[in-house]
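> The structure is given below, and queries will be raised subsequently.
The values are calculated or read from the model by the stated rules, or taken from the named source; none is laboratory data. Keep in mind it's a predicted model, so treat the numbers as computed, not measured. As a convention, Cβ positions derive from the backbone with ideal geometry for all residues, glycine included, and neighbour counts pool all protein chains shown. For the accessible areas, the whole protein counts, side chains as well, though only heavy atoms, and no ligand, DNA or RNA atoms are used. Shrake-Rupley method; radii C 1.70, N 1.55, O 1.52, S 1.80 Å.
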Amino acid sequence: MSINHLMETCPLKQYIRESLWEKYIKELKKKNINYLTLYSPPLMDVKHFTKKGLIQLEQSVYKGVMAITNDEIRGLPETIKRARGRPEFLFAGAALHELIKDKKNTELRGTAYDVINLDYCNSIFGSEDSQYISSNLKDIESIIEQQDRNNCKKFMLFITSRTDSFNSRKVNFAPSFINELTARIRLNLEKNDSFRDKYKHHFGTETPSALAGRDFSSFFPIGMAKLVSMEFASKNYAIEDCDVCWLIRNKKTPIRELLHMAFSVQKKGNKIVRVRQNKLEQFGTYTYMEEGVTLILDKIDRMDSVNENEDYDKLSKTLGRNIEELRNDTFEIRIPEPI
Amino acid sequence: MKKRAEAIPIMVSARILRHISRGIYRTPAGALKELVSNAYDASATKVTINTGYPVFEKIVVTDNGTGMNKSEFKTVIGNIGLSDKVAGKKFNLPGSRVNRVTIGHYGIGLLAIGQLCRKVIITSKIKDSCEGFKATLDFEQFEVNKKDDIERSSIISERELEEKDKKVEDIKKRKNEKFSIGKCYIEDLHYDTKNKQASFTRLDLEQIRSEVQRKLSGNIIYEYKDKYKDIDMKKKYYSNFDKLLKLYREKEKHIRQGQYPYEKLCWELSSYSPIKYPDISIFKTKLNNFKNMSDKYRFELVIDGMEIHKPVEDILFNDEDYPVRNIFQWVNETYYKDEGLKVSGYLVYRQYIRPKSLQGVLLRDAGVAIGMFDTTFLEYPYHEGTKFEQLTGELFVEGLAGSLNIDRNSFNETDDYYLALVKWFHGKLHDEVFPTIQKHMKVTREDAVDAFMKVTKRYMKDSRVNYNVKFKNEGRDKPLFCKEGKTLFINKNHPQGKPKKSVIEKLCLASILVISGYISGKEMEKILTTLAKKSE
C-alpha cells in the first residue's frame, strides 16, 4: 500500500489529526493560521484543518499554507488530483533546512508560522553512527531559528519519527544518538530538581541507559523532548505543553512504530535558565535548561497509543465517515464508483 | 440518344478522420476547447480539467452535465458528421430558467482530441438511472491502412461500397450514407441506487502524444537552452489563476517565443470559455452589464485546481501610470435589422494594454470566444496608427453560429450576418471611438507642449537666460536641435522630438541643458537616441 493511499484511508492517522494535532491548533484560537507542512499529496491534514475552520479556503487557495514537497515533478500533480485547492505556497526541495537557507525563498523564510508539522515518514536520526546531526534535526534547528528571526511569540511544533522499536527492544537508531539522548536526560536529572523528582516517581533509581533498554517507548519521548527543548531554549522558547501518541502498524511484519509528538511553545525571555558547564573544555559555554520538559513526565503514564490490531476497526467505524469526506473533498467533480 | 449520367461513389478515405482529428486545431488548447464546448452543450455548470501539470502524462476532463446513456453514445459515434446537434439552438439548463445556446455542431468534436492522445476512455451516466457506460476509443486505428497504395477504411472495401450504392435509390437516404472506419469498445457500468441522481461525463485522455507532452512541458524550447540565455527552466507554481495571469503579462514576450506553453494553454482556455469575470471593481460598476451577461451562463471552469475566470486583471483598469481614458459601451443594439439580431459590447481605451494578447476586439457567440483578440478590428479599412493597440474589448453577438467555420476559430467572411456585424462595428469605430481618441490625443499633446513651455520659460527667467524654445516641423532625418540666434528649435518630426507625454520630461531637461551650453545639441541628440534604443 503506497504512503499516499495510507494517508488518505488510515483511521489511525486520522485519530492523530483529530486527537493530537487539532487539539493543539485549537489552543491558538486563530482562524487563519500560518501552517507549514511537509505534506503528502493527499493533503489530508490541510483538508481536515480547513474543515474545522482553522485554515481558510478562498478561491481555491488554502490560505496561509506553506507546503514542502521533496518531489518537484510529481508533488503538485498528485496533490491537485486530491485536493479542492492549492496550498498558498509550495516549495520543492530535498530538505527543509536547505530551502530555508536559500535566500530566494522569501515567503518561506519571511513567515512566522503558527503551526509547523514535521510529519516525517522516516526516523529523526539514522541507524549509522555519525558525528553530524541528521537532516531532520537540522530542519528542526533551522525552523526554530527562523521562528525566532521572524519574532514568533507562540507556535505549535509537531514532530513525527519512526522508531520501529516499541516492544521489540530492537533499536534502529545509531548508538551515538541514543547515547546523546541518554546524556541529555542525565543532565536534567543532575541539574533540574523537579525533573529529577518526577523521574524518580516513575522510574525510581533506574538510569536513563537502563530505561532505554527496558522501556524504549517511555525513554524515547523523554529524550526527544529534552533534545528539542534545549534547542527551543537557545532561542528563549519554552515548552508550555507537550503530548505524545504512538501509532503502531502491527497487522503485518515488520512492525512499524511512529512516535507523534506535539509541542506548544512560547517565548519566555529570561525564564530560560542558562547553566554554565563544569568541565574545563566547556568553560564559557552554556547549556540551556528549561522547566517545560518536565511536562513530558506527567504524560508518560497517560501516553496515548493506537495500533492496527486493536484499534483499526473501532476507529474505522468512528472516523471512517470523516476520512471519506476528506478524501472526496477535491476540486474534481465526484464520480461515483460503479459496482 | 442521350447517355445516362454515371453515378460514381464518393470515396472518403479513413485518413480524412485522421486529418480532422489531428488537424482541426492549431494548439492543444483548441482540442480542449472542444471538450469544454461539449460540456457546455450538455448543460454542465462545472468542468474540471486535470492536465497532470507539469508532466502531462494523462489529461482528465470531467463535467457535471446531463451525460449520455449507452444508446445516445452509440448514436453519436455511429453518426460522425451527421449529428443533429446544431449550433445556435436555444435550451434551458435543467431545473432552471437559465438560457444557453449550443455552441458545438457536427459531432466531430470528440474526434478532435485525437490530436492530443492515442486513446480516450469516456465514462458517462445520465440522471434517474443506475446504468452508465464506459467506452474506449483508440485513435491509432485511423492512422494506417494502405491497400494498393491507396488508403482506405479497413472495414469496407471499395467494391462493397459500390454495390451498396447501387441498391440505394432514394436520394434522401443516400444523403445520409455512411460507412464504418473503425471500432469503439463499450461496456456497461452499474451504479448503486444512492448514485441514481448523479449525471456526469468524464474523459480520460491517455497515452498523450509525446509531441504534445513535449510541447506543453516546454521541453521543445528547452532544447535550445544552451543557445538562448533567457529561457526559464524552472516550472512555476501558482496558488491561483491571478498569479498565472500576472506571469503571463510579465513574460508575454517569452510566451510568444514558445516558452511557458502551459500558461498559454490556461490563458487561451480562460479567454475562450463562457466563464465569469474576475471579482474586480470595474465589472461591478461601469461594466456591470457584461458581468451579468457572463454570470447568466452559470459555467465554471477549473484547471488543475485553479478556478479560472476571464483573463483580465485589476491592474488593467486601476493603474495610476496608465489610467483608463475612456470606456465605450453598447448594449443590445441591433446589427441585423431584418431578423432583429442584437449585439452588446465594450471597448476600453488605455494608452498601454498589457498583455498584448488583450489588444483588439474579441467576438463571442453565446459567450464563447471565436478566435482570439483581433487587432485588425474585423479588418477596419482605415489606418489609425497606434490607436489599435490602445483598445481592448469584447462583442457579445447573437445569431452568428451559422457563420462559423468548422474550427470555430473564425468566420465565413462572406456570410450575410457576419458582414452586417462588421458594418455595424466599423460604423461605431469610425463615428464614435476613433474621433474620441483623436480628440484626447490632441489634448494630451497640447498639454504636454504647454507643460514643456512653462518649465523651460521658468528656467530661463530664473537663470536670466535670454532664450526662446519652439517646436518646428522639419524632416525626420534632420537634427533634433537647431539654434538660430536666440531661439532653440526642436524638430517635432525627429523620433526623439515628438511632444508626447511619455518623453516630454526628458526633452525638457535636454533642452535646458542645451540652452545652458552644458552640452551641444548634437551630443544631446546622440544621448537621447541611445536612451530610447535601450528602453526598447
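> Enter the accessible area of B:Cys130 (Å², nearest 10), with the probe set to 1.4 Å and all protein chains included.
Its heavy atoms expose roughly 30 Å² to the probe.
> Over chain A, calculate the relative contact order: mean separation of alpha carbon pairs under 8 Å at least 6 apart, over the residue count, as a percent. Mind showing how you got there, number by number?
Values: 588 pairs, mean separation 64.9, N = 339.
Relative contact order of chain A: 19 percent.
> Using θ = phi - 60° and the Karplus curve 6.51 cos²θ - 1.76 cosθ + 1.60, what whole-Hz ³J(HN,Hα) does each residue of the range A:224-239 get, with Gly and Pro shown as x?
With coefficients 6.51, -1.76 and 1.60, one gets 5, 4, 5, 4, 5, 5, 5, 5, 4, 5, 4, 10, 6, 9, 10, 7 Hz.
> Over both sides of the A-B contact, add up the buried accessible area with a 1.4 Å probe and give it to the nearest 100 Å².
For chain A against chain B, roughly 2500 Å² becomes buried.
> With chain A treated as a Gaussian network of Cα nodes joined by springs under 10 Å, which of A:Lys101, A:Lys252, A:Lys153 yields the largest mean-square fluctuation?
A:Lys252
> Loop only per DSSP, at most 16 neighbouring Cβ atoms within 10 Å: give me the GluC sites (Glu not before Pro) in the range B:258-334, ordered by residue number.
B:Glu320
> Normalised by the number of residues in the range B:333-423, what is the relative contact order in percent for Cα pairs under 8 Å and 6+ residues apart?
32 percent
> A further question on this structure: Where in the range A:60-88 does accessible area fall by at least 20 Å² between the isolated chain and the complete protein assembly, at a 1.4 Å probe radius?
Relative to the lone chain, where solvent access is computed with a 1.4 Å probe, the range A:60-88 loses at least 20 Å² at A:Ser60, A:Val61, A:Glu72, A:Ile73, A:Arg74, A:Leu76, A:Pro77, A:Ile80, A:Arg86, A:Glu88.
> Across chain A, where is the longest run that never hits chymotrypsin sites (Phe, Trp or Tyr not before Pro) in a DSSP loop with at most 14 other C-beta atoms within 10 Å?
Between exposed loop sites, the widest span is A:133-282.
> Around A:Ser176, what is the net charge, scoring Lys/Arg as +1 and Asp/Glu as -1 over all other residues with Cβ under 10 Å from its Cβ?
Spelling it out: positives minus negatives among the neighbours equals -3.
> Chymotrypsin sites (Phe, Trp or Tyr not before Pro), restricted to the range B:475-536: which are DSSP loop and have at most 10 other Cβ atoms within 10 Å? Don't skip to the answer; put the middle values down first.
Working: sites: B:Phe481, B:Phe489, B:Tyr518; in loops: B:Tyr518.
Loop-located and lightly packed - B:Tyr518.
> Relative contact order of the range B:290-380: what whole-number percent is it, with Cα pairs under 8 angstrom and at least 6 residues apart?
18 percent
> Considering only the other residues whose Cβ falls under 14 Å of the Cβ of B:Asp416, what net charge follows from Lys and Arg at +1 and Asp and Glu at -1?
Values: positive: B:Lys337, B:Lys423; negative: B:Asp338, B:Glu339, B:Glu413, B:Asp415.
It works out to a net charge of -2.
> Over what distance in Å are the Cα centres of the range B:306-380 and the range B:32-63 separated?
Rounded to whole Å, the Cα centres lie 25 Å apart.
> Can you give me the long-range amide H partners of A:Arg86? Hydrogens built in the peptide plane at 1.01 Å from N, cutoff under 5 Å, separation of 5 or more residues or another chain.
For A:Arg86, whose amide H was placed from the backbone, the distant partners under 5 Å are A:Val61, A:Tyr62.
> Also, I was wondering about something else. What does the charge count around A:Thr294 come to, taking other residues whose C-beta lies under 11 Å from its C-beta (Lys +1, Arg +1, Asp -1, Glu -1)?
Net charge in that neighbourhood comes out at -1.
> What does the helix-only formula give at 222 nm for chain A: each DSSP H stretch with n ≥ 4 adding -39500 (n - 2.57), the total divided by the residues, and the result rounded to the nearest 500 deg cm²/dmol? Intermediate values should be presented prior to the final figure.
Details: 14 runs with 137 residues, N = 339.
So the calculated ellipticity at 222 nm is -12000 deg cm²/dmol.
> Give a quick list of trypsin sites (Lys or Arg not before Pro) in the range B:385-470 that DSSP marks as loop, anything other than H, G, I, E or B, with at most 11 other Cβ atoms within 10 Å.
Counting only loop positions with at most 11 other Cβ atoms within 10 Å, the trypsin sites (Lys or Arg not before Pro) in the range B:385-470 are B:Arg464.
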